[in-house]
Amino acid sequence: MNYIDKYESVDGSRKYLWLLDDMKTVESIYFVFNNHRYACISSQVGCNVKCIFCETGKQNNLRDLTSDEIFAQAAATHSDLNMQEPLHEVAFAGMGEPLLNIKNVIGGAQLIVDNNIASNISLSTSGIIPKMYDLVDSQINKLFISLHASNNEVRDYLVPVNRKYPIEELIKASTYFFEKKKTKVTATYLLFEGINDSDDDLERLFNLLNPDIYTIQLSVWNTVSDINLKPSKRIYYFEEALRNKNFDVFVLNSKGSDVEGGCGQLRSRNILVSEGAK
């Protein structure tokens, strides 16, 4: 698998468009955060989870990526950077729900580790609960859960898979990961005006998450097309309040958003290959 286009962001990130053997495409992004180098890679061609705030979710999953295709994104990115040392982290947080392709994701993670491409492997999930328990025996050593709400009613709206796997089960499964791996789980939380940014939401977060188990990532939403949502202006209020409750908490502005490479912006693209892939 090769990349057929590369987009350079003003912040130094690189978004890659990858051509698969069957002429389908996926995207991934390389970026630097806190002086560490990351590659955020895809596991499916599209996504069936349909989170309403995500561009990828507008496209049905056309197929799963193989372990070799997953590995190739990380390996080719590493090669393109001319790095001698491994990446700090490869993140399964691009296109697709990785736990709906868990066999190939675990296989791809093993290849990444075996070839010394990255020091850490993380995975971000909307909460496919039965598969979360399978992660503890894999090379994946960091877990991110797409929480985005403090009660089931709101999360049903934002993350529809919650109707099948509610918050209580998500917390139970992610706590199990923490107990087995001994690394804190990161709960990601996009703040939307008038939806999940009230004082009541904040109070429920205090009660829902244990600061000894969870880090909280307050994420700034990357606008996608045809979605009537507004980012909340209370994000730094939430950050201060959570820190005062002894949470490890940080605000994330996605890298590469100017080239549509930020969280929730990656998608397949129709391409015409005229000069061959790189």
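Things to note:
- Within segment 207-234, being farther than 26 Å from residue 58 by Cα and surrounded by 14 or more Cβ atoms within 10 Å (Cβ to Cβ) holds for 208, 209, 211, 213, 214, 215, 216, 234.
- Residue-level check: of (1) crowded, with 21+ Cβ neighbours inside 10 Å; (2) modelled with pLDDT of 95 or more; (3) not small (Gly, Ala, Ser), residue 31 misses just (2).
- Looking only at segment 95-120, residues that are closer than 19 Å to residue 78 by Cβ and in contact with a Lys or Arg (Cβ under 7 Å, 6 or more places away or on another chain) come to 1 in all.
- For segment 66-81, the criterion of being among the β-branched types (Val, Ile, Thr), within 16 Å of the chain's Cα centre (by Cα) and modelled with pLDDT under 95 is met by none of the residues.
- Residue 144 being aromatic (Phe, Trp, Tyr), touching a Pro at 6+ places or on another chain (Cβ under 9 Å), closer than 23 Å to residue 250 by Cβ and surrounded by 17 or more Cβ atoms within 10 Å (Cβ to Cβ): no
- Output for segment 147-163, where each listed residue is assigned to a helix (DSSP H, G or I) and surrounded by fewer than 22 Cβ atoms within 10 Å (Cβ to Cβ): 152, 153, 154, 156, 157, 158, 160, 163
- Of the criteria (1) more than 16 Å from residue 159 (Cα to Cα); (2) without any contact (Cβ under 8 Å) to a residue 12 or more places away in the chain; (3) of a type outside the set (A, V, I, L, M, F, W, C), which one residue 214 fails: (2)
- Count of segment 158-189 residues which are over 17 Å from residue 204 (Cβ atoms) and among the aliphatic types (A, V, I, L, M): 3
- Test: residue in segment 56-65 that is crowded, with 16+ Cβ neighbours inside 10 Å and modelled with pLDDT of 95 or more: yes
- Qualifying residue in segment 76-99 (condition: within 21 Å of residue 137 (Cα to Cα), hydroxyl-bearing (Ser, Thr, Tyr) and surrounded by fewer than 21 Cβ atoms within 10 Å (Cβ to Cβ)): no
- The test for being on the phi > 0 side of the Ramachandran plot and either modelled with pLDDT of 95 or more or surrounded by 17 or more Cβ atoms within 10 Å (Cβ to Cβ) (or both) does not hold for residue 276.
- Filter result for residue 61 (polar (S, T, N, Q) and over 13 Å from residue 26 (Cα atoms)): no
- Any pair with Cβ under 6 angstrom, 6 or more apart, that starts in segment 1-28 at a residue that is farther than 17 Å from residue 71 by Cα and ends at one that is charged (D, E, K, R) and not in a strand (DSSP E or B): 9/258; 10/258; 11/255; 13/255
- Residue check, residue 70 in contact (Cβ under 8 Å) with a residue 24 or more places away in the chain and over 17 Å from residue 87 (Cβ atoms): no
The values are calculated or read from the model by the stated rules, or taken from the named source; none is laboratory data. What you are looking at is a predicted structure, and each value in this text was computed from that prediction instead of being measured. FYI the Cβ positions are ideal-geometry reconstructions off the backbone, even for glycines, and counts take in every protein chain you see.
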